[in-house]
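Read the structure below first, then the notes.
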Amino acid sequence: MKLFFKEHALLIAVQIVQFFVVLAIYWLDGYQRLLPALYGIFLGLFFLTVYLAYHYFSRRKFYKRLTNELSSLDDSFQTTENSPISRALDELMKAQYNHYQTRIKALESRQDEHLKFMDQWVHQMKTPLSVIELIAQNLDEPDSSSIREETDRMKTGLNTILYMARLRTIEQDFHIKPVHLSKIIHEVNGENKRFYIRSGVYPNLRQEKENIIVETDEKWLFFILSQLIHNAVKYSRGKSSRVDISVYEKDGEAVLEVKDFGVGIPEADKRRVFEPFYTGENGRKFRESTGMGLYLTKEAADYLGHRIELESTFGEGSLFRLIFGKTQNLTIL
């Protein structure tokens, strides 16, 4: 209705001005009988109202379509009336839909090619890194440890790139199944054993129960936990020698916590730590920060249906809490 009156506001204004102009001409010509003039204005307003009413009700669907938002691109194929302007709008919407579909398919094709290239490139880079690690084992200290430390950093960066590329098509890259939390934690700790040693930090595992199982994707959970532990160790370096990893049940839900006693997160940065490429105040002190680890962690957790919570006190440490759905009990044979 608002759109209709906006479109015809000029017509209504011109008609009203025209009535007054006609009356003024007759008045100036000496015709001063008021009743016939008012009757003429009434007839003019009556026919204008009938025209506007007919025009509105005959094109009501047309104006409604212009006013309401499209819920999906497929709504572009809706039809309105058989009037020329309605048919022209339908044709325009169909042409626009086909144009965007063509562009989207082209972009999806380029994205798939980019994803395949990144996947192959990351795996190709891991091979020379493994060779460098083997060569480093035959070197004397501290050269051997220094080289292996740098290769570990490169592996971490390559994995971040790989998972960032896979995140775009995560619906094609995950498999939900029962996963033993303790098993995943031990695997992640084993993978980061040298990182723990170099940083002078050791993991402290606390388990309320050893048979907690959750429904999740094992590969993505491994990545999420690796990111949380990597951050905890990195921001504890030089300040604390412990990272607490806790597993327990609360209100029928499995909870996995990673707590460090490091630098903590400033209050101003808490609401933005999960944004992409945001490093904050700590990122300026720790040059290795990319701002993508927690972003990927949050995005993957949300997609898998897990909740992630943050508690932190600046200067005292941080706690990241990963909350799963209802737990299951595994019988240990």
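A few remarks follow.
- Extreme residue, nearest to Arg153 (Cα to Cα), among residues of the range 185-213 that are assigned to a helix (DSSP H, G or I) and open to solvent by less than 60 Å² (accessible area, probe 1.4 Å): Phe195
- Any hit, the range 229-238, residues being of a type outside the set (Ser, Thr, Tyr), closer than 19 Å to Leu304 by Cα, touching a Gly at 6+ places or on another chain (Cβ under 7 Å) and touching a residue at least 40 places away in the same chain (Cβ under 8 Å): no
- The one condition from (1) modelled with pLDDT of 90 or more; (2) under 28 Å from the mean Cα position of the chain (by Cα) that Asp244 does not meet is (2).
- Number of residues in the range 125-165 that are surrounded by 13 or more Cβ atoms within 10 Å (Cβ to Cβ) and not in a helix (DSSP H, G or I): the value is 1.
- Of all residues making up the range 119-173, the number that are touching a Gly at 6+ places or on another chain (Cβ under 7 Å) and among the aromatic types (Phe, Trp, Tyr): 0
- Odd one out for Thr216 among (1) within 18 Å of Gly325 (Cα to Cα); (2) open to solvent by 10 Å² or more (accessible area, probe 1.4 Å); (3) in a strand (DSSP E or B): (2)
- Every residue from the range 14-42 that is aliphatic (A, V, I, L, M) and open to solvent by 100 Å² or more (accessible area, probe 1.4 Å): Ile25, Leu28, Leu34, Leu35
- Pairing residues of the range 294-315 that are over 15 Å from Leu256 (Cα atoms) with residues that are among the hydroxyl-bearing types (Ser, Thr, Tyr) and not in a strand (DSSP E or B), at Cβ distances under 8 Å and at least 6 apart in sequence or on separate chains, gives Tyr295/Tyr278; Leu296/Thr160; Leu296/Tyr163; Ala300/Tyr163.
- Search result, residues across the range 166-184 that are in a helix (DSSP H, G or I) and open to solvent by 20 Å² or more (accessible area, probe 1.4 Å): Arg166, Leu167, Glu171, Gln172, Lys183
- Residue within the range 200-222 that is among the basic types (Lys, Arg) and farther than 23 Å from Lys126 by Cβ present: yes
- Per this entry, Glu267 is counted among residues that are surrounded by fewer than 17 Cβ atoms within 10 Å (Cβ to Cβ), in contact with a Phe, Trp or Tyr (Cβ under 9 Å, 6 or more places away or on another chain) and under 19 Å from Leu310 (Cα atoms).
- Residue within the range 225-233 that is open to solvent by 10 Å² or more (accessible area, probe 1.4 Å), modelled with pLDDT under 85 and part of a helix (DSSP H, G or I) present: no
The values are calculated or read from the model by the stated rules, or taken from the named source; none is laboratory data. Keep in mind that this is a model prediction, so the values were computed, not measured. FYI the Cβ positions are ideal-geometry reconstructions off the backbone, even for glycines, and counts take in every protein chain you see. Heavy atoms of the whole protein, side chains included, go into the accessibility calculation; ligands, DNA and RNA do not. Shrake-Rupley method; radii C 1.70, N 1.55, O 1.52, S 1.80 Å.
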